[in-house]
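Asks: I'd like to ask you about the structure that follows.
The values are calculated or read from the model by the stated rules, or taken from the named source; none is laboratory data. As the structure is a prediction and not an experimental result, all values here were calculated from the model. Virtual Cβ from ideal backbone geometry, glycine too; neighbours counted across all protein chains shown.
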Amino acid sequence: MARTLGAKCRQCRREGEKLFLKGGRCKSDKCILNKRDYAPGQHGQGKKRKGKASNYAVQLREKQKTKRIYGLLERQFKNYFKKAEQTKGVTGETLLSFLEMRLDNIIYRARFAESRAKARQLVGHRFVKVNGHIVNIPSFLIKEGDEIIMFGTDAQIKMIKDTVKLLEDRSVPEWLEVADDTLKIKVKRLPVRADVGLPIEENLIVELYSK
């Protein structure tokens, strides 16, 4: 399973904004971005961009930011874009829909994991069933009507329920039906652009890949 192994805080600093890659910990006053709001690296603090960034630079940063939010590598991300291009509808919105329908993202959206990285860990450790079958592939694309359930030892179930309680102030998207007591998820419908709720300008990504 390919993963992005770079330090999470460095990724946020590179994009110049909080991507919440560590979940609730990113809301803490101890977040490094509060102290070092400049790019990482030896020359990060001294780098001050002069003038306006080029269109290409803006498009590239938007793509990199989106990849980092969902924890994807370049090849994975580009494959999603190609699939979105070949699907009927608005390419950018379809791309985001595919990203949202990943199994690890749905576990995260249901509040069963504090971050998408933690959700990938739960899936990889075989704590997830989709329609009654164990699935250990975080990128598995869920379909409308699918049912997901978390399972494991009593200790593992308690850990997930403790996470749900910790994140009770985080809203669950309308396209998911979540039962906190039984740790079940049902996908009521496919997500639309308004459901994503992330600061992503997908049109810039489409422009970048269309060159």
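Asks: Any chance you could count how many residues in region 119-142 are more than 21 Å from ILE200 (Cβ to Cβ) and either charged (D, E, K, R) or in the same structural domain as ARG68 (by TED's automatic domain parsing) (or both)?
Replies: Qualifying residue count, region 119-142: 2.
Asks: Of the numbered conditions (1) without any contact (Cβ under 8 Å) to a residue 12 or more places away in the chain; (2) part of a loop (DSSP other than H, G, I, E, B); (3) of a type in the set (A, V, I, L, M), ALA194 satisfies every one except a single condition; which is it?
Replies: (2)
Asks: Does region 105-163 hold any residues that are among the basic types (Lys, Arg), out of contact with any Asp or Glu (no Cβ under 8 Å at 6 or more places or on another chain) and either on the phi > 0 side of the Ramachandran plot or surrounded by 14 or more Cβ atoms within 10 Å (Cβ to Cβ) (or both), and which are they?
Replies: Those that are among the basic types (Lys, Arg), out of contact with any Asp or Glu (no Cβ under 8 Å at 6 or more places or on another chain) and either on the phi > 0 side of the Ramachandran plot or surrounded by 14 or more Cβ atoms within 10 Å (Cβ to Cβ) (or both): LYS118, ARG126, LYS129.
Asks: Against the condition among the aliphatic types (A, V, I, L, M), more than 23 Å from SER171 (Cα to Cα) and either part of a loop (DSSP other than H, G, I, E, B) or at pLDDT below 60 (or both), how does LEU5 come out, does it pass?
Replies: Yes: the conditions hold for LEU5.
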